[in-house]
Structure formats: structure tokens, C-alpha cells
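As C-alpha cells, the structure follows; a few thoughts come after it.
The values are calculated or read from the model by the stated rules, or taken from the named source; none is laboratory data. The structure displayed is predicted, hence computed values, not measured ones. Heads up, the Cβs are rebuilt from the backbone with ideal geometry, glycines too, and the neighbour counts pull from every protein chain shown. Side chains are part of the model used for accessible areas, which takes the heavy atoms of the whole protein and leaves out ligands, DNA and RNA. Shrake-Rupley method; radii C 1.70, N 1.55, O 1.52, S 1.80 Å.
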Amino acid sequence: MNTHRIHRVAKLTGLSKDVIRVWERRYGLVKPSRSSNRYREYSDEEVALLRFVKNQMEQGATIGSLAAEGHDSLVARMRIATPVSPEDQKPHDRLLDDLMGSLDPLDKAGFERRLNGAVAVIPFEEAVQRILLPLQRRIGELWHEGRLSIAVEHYVTKIIQQKLFSVMNQLPVNEFGPRILIACPEGETHEIGAQAVAYIAATKGCHVYYLGPNLPFSDLLTFCEKITPDLVLLSLTEVKPEAAALQQLQELEQLATRWSVAVGGQGARAMGDRLRDTKIELLDDLTALHSRLMMLLSTHRAAARS
Ligand code: B12
């Protein structure tokens, strides 16, 4: 990991040294370490964070709202927003190749040792983005191609799910946070996207109700009546045939007359234009999810204060 002195950081980011110091002192937006002679030293990630903050402000965010979001949340958002370059993904691709190699014949101990070892040494958001979700895609694709048994697919899928849930369950439940219901609607059994969304919402301090895959519409409505969610987030992975897509859209519109509803995933993106004249929001990716959650949290805080 490289470290940089402030004059270099100013060059790298296009920010003045004064601004960088103020963002640290007043807002705690960056946390440089100090060298033995007390010079500020910024890691590559802190430099990237300064660029990210600058970029967010160019897109209309205020320094106050970014400061309220906090350093750790901004770092998490930046990691998800930054596309993984092929160079950065290379070591993870090698790991994924090794993991796939230990599935047939199944070397359970080797698979778990490699996976656990890799996930333990990087921030969990990064592990989700670079290891767990790509692993799910790879094993799913192999199964679809008839090259992996459903038993081994289930074994790996369960391990991925356990990892997401075990980290999520260690987070404190914020019963005063905005209530978010997360599920996959009826007929949708691909679950990992929804789980990743649940994990992200929980890390932001939302009160998450995760209801899993294939949830019948009538039960979704009844549950909403019970918990009065501030936001319903639905994951749609499959692209539905025309008639089924229209029926799903009608149901979602009915839900959206009472509650704030947002959808994401490949199936939701395929609905694209049809969502335009409805109250249903389309969240294109996990970066859009982060921004939506930040908006929700800030209105929730403001409502709690008034
Ligand atoms: C993994 C997988 C499986 C696994 C599912 C494991 C599980 N329990 O979830 C297994 C092998 C069991 C499976 C089975 C089936 N599958 Co499958 N599967 C896949 C695969 C390879 C990856 C899907 C996935 O999980 N992606 C991982 C997530 C993380 O990525 P993502 O979906 O892109 O989501 C990202 C964003 O969109 C976002 N996101 C997702 N949801 C949301 C929600 C919100 C609110 C937000 C903000 C963001 C967000 O988060 C992710 C972040 O990067 C895809 C092909 C592909 N490469 O996409 C096929 C695919 C989805 N499957 C498909 C099908 C048809 C099936 C089956 C119905 C096949 C069958 N005839 O039985 C079955 C039924 C499902 C089941 N569970 O039994 C088709 C769907 C076709 C279509 N019409 O769209 C696909 C596209 C394969 C194909 N090319 O035909 N599958």
C-alpha cells in the first residue's frame, strides 16, 4: 500500500491542501495516519475517498450531507461504486478459479479453507462484491450448463448465504431505524441479490425485515400492513415473459399505492420503460441503493427530530 503526503494528495485529487485539512478537522471525512515526524500520510484508499467526495459534490451532494453520512459509510459506498478494474480483480479471479477447482471432486476442507481465508483478510463489503457474488454467479452458471450437480450448487450457495447472514446478524438491530422490507416476489427464487441488499441496508442502520425468496403477493401486502415499512425493496432476477411481467407490474403498482416500493436486479432492469409512469422506483445497482438509503435515513432522522 502506498502512502502520500498532503501536497501530492492535492495534486492527485485537484483539491487544495486547505480543503483537505478542513475536511479532516471539521468533518472527519478522511483519517490520515501520521509519520514519525508528524506529517499527514494518506493511503491510496483515502486519496480515492477524497476523489469520491469531490465527485459526489460535483453531482450535487453537499459537504454537510456527506459528513453526516460518515467516513465508514462513504468508504463502503465508494468501494461499491468503484468498478473493479481487471487488474484489481485478477487475484480474486485466481481465487475463484481455485475455488471452482476444489468442487469437482469436492474437496470440502480445501474449499472452505480457501474461501474463509480470503474473506477474512479484506473488508467484508469488498468480499461480497469481489468474491461472494461472483462465486454465486459462477456456480450458478456451471449448474445451468449441466457441469455441476445441484447438490454441490446448494452446498456452495448455502455457504455464501451463511456468510452474509452471519455478518449481518452481528450488526446491532436498530429498532428505531427506518423499517425496510426486503424480499423476492412470488416466482422469484434467486435469492442472493436480495440478501446482499439486506446486508447493505443493515450496515446503514436500517431496521431490516428480510423475507427471502418466492413471497406470495397477498402475504407481502398483509405483512406490510403489520409492519408499515418505510420502504419495500424487491429483488427481481428473472426476466419474465410478457403476460407474467404485466401481472407482476400490476401487483407492484397496487403495493406502491400504499408504500414506497423500489425494485432492483436483472428482471427489474428489463421492466425499464414500463416503470417510468408508475410510482415504483428502479434502483439500477448497489450504488443507487446506497444513495436511496442515505436519502431515507436523512428524512427519517429529520422526522424523528421534529
Ligand atoms: C445463481 C443462479 C442460479 C442458482 C440460484 C441460487 C439461489 N438460491 O439464489 C440456481 C443454480 C439454483 C439457479 C436455478 C434456476 N435458475 Co438461475 N441463475 C443463476 C445465475 C447464474 C446468477 C443469478 C444470481 O444469483 N446472480 C447474483 C446476483 C448477485 O447478481 P445479479 O442478479 O446481477 O444482481 C446484482 C444486481 O442486480 C443487484 N440486485 C439484485 N437484486 C436487487 C434488488 C435491489 C432492490 C437492488 C437495489 C439491487 C439488486 O445485486 C447484485 C449486485 O451485483 C443466473 C445467470 C447470470 N449469470 O446472471 C441464472 C438465471 C437467473 N437463472 C435462470 C433460470 C431460468 C433458473 C431456473 C428457473 C432454471 C430451471 N429451469 O430450473 C432455476 C430456478 C431457480 C431456483 N432457485 O431453483 C435464468 C433466468 C432467465 C430469465 N428468464 O431471466 C438465468 C438468467 C440463466 C439463464 N441465462 O438462462 N439459478
How long is region 85-188 along each principal axis, judged by its Cα atoms, biggest number first, in Å?
47, 35, 29
Leaving out ligands and nucleic acids, note down the accessible area per residue over region 173-305 with a 1.4 angstrom probe, in whole Å².
47 Å²
For the chain, what are Rg and Dmax over the alpha carbons, in angstrom?
21.3, 69
For each pair in Lys31/Lys279; Lys226/Lys279; Lys11/Lys31; Lys90/Lys163; Lys31/Lys158; Lys11/Lys163, compute the distance between the two Cα atoms and list the pairs where it is over 30 Å.
Lys31/Lys279; Lys31/Lys158; Lys11/Lys163
Can you tell which of Trp143, Gln250, Ile6 lies farthest toward the positive end of the dipole of the chain, using +1 and -1 charges on the Cβ of basic and acidic side chains (Lys, Arg; Asp, Glu)?
Ile6
Can you tell me the order of 117-127, 264-274, 53-63 when each peptide is scored by its average per-residue count of other Cβ atoms within 10 angstrom, highest first?
264-274, 117-127, 53-63
If the viscosity is 1.002 mPa s and the temperature 20 °C, what translational diffusion coefficient in µm²/s does Stokes-Einstein give for region 173-305 when Rh comes from Kirkwood over Cα pairs?
146 µm²/s
Return the percentage of antiparallel bridges among DSSP beta bridges fully within the chain, rounded to the nearest 5 %.
25 percent
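Which whole-number value in Å² is the accessible area per residue of region 10-165, probe 1.4 Å? Write out the running numbers ahead of the final one.
Working: 8340 Å² over 156 residues.
That works out to 53 Å² per residue.
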At 0.36 nm per residue, and after removing the present C-alpha to C-alpha distance, how many nm does the segment from Arg5 to Gln162 gain when stretched out fully?
52.4 nm
Based on Cβ point charges of +1 for Lys and Arg and -1 for Asp and Glu, what charge dipole magnitude is obtained for the chain about its Cα centre, in debye rounded to the nearest 20?
1640 debye
Selection of trypsin sites (Lys or Arg not before Pro), region 136-200, meeting DSSP coil and at most 16 other Cβ within 10 Å
Arg147
Taking loop as defined by DSSP and a crowding limit of 10 other beta carbons within 10 Å, which trypsin sites (Lys or Arg not before Pro) in region 1-34 fit?
Arg26
Inter-part gap, Cα centre of region 225-284 to Cα centre of region 155-200, in whole angstrom, is 18 Å
Contour minus end-to-end for Glu145 and Glu175, with contour as 0.36 nm per residue of separation and end-to-end as the Cα-Cα distance?
6.4 nm
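So which GluC sites (Glu not before Pro) in region 165-225 end up in coil per DSSP with only 12 or fewer other C-beta atoms within 10 Å?
The qualifying sites are Glu175.
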Using a Förster radius of 35 Å, what is the FRET efficiency between Asn116 and Leu246 based on their Cβ-Cβ separation? Nearest 0.05, please.
0.20
Tell me, in nm to one decimal, what length is gained between Gln266 and Glu253 on full extension, where the rule is 0.36 nm per residue of separation less the Cα-Cα distance?
2.8 nm
Calculate what fraction, in whole %, of the accessible area of region 173-305 sits on carbon and sulfur atoms when a 1.4 Å probe is rolled over the protein chains.
52 percent
What 222 nm value per residue comes from the helices of the chain, counting each DSSP H run with n ≥ 4 as -39,500 (n - 2.57) and dividing by all residues, nearest 500 deg cm²/dmol?
-18500 deg cm²/dmol
As an exercise, use a Förster radius of 35 Å and the Cβ-Cβ distance of Asp219 and Arg301 to find the FRET efficiency, rounded to the nearest 0.05.
0.70
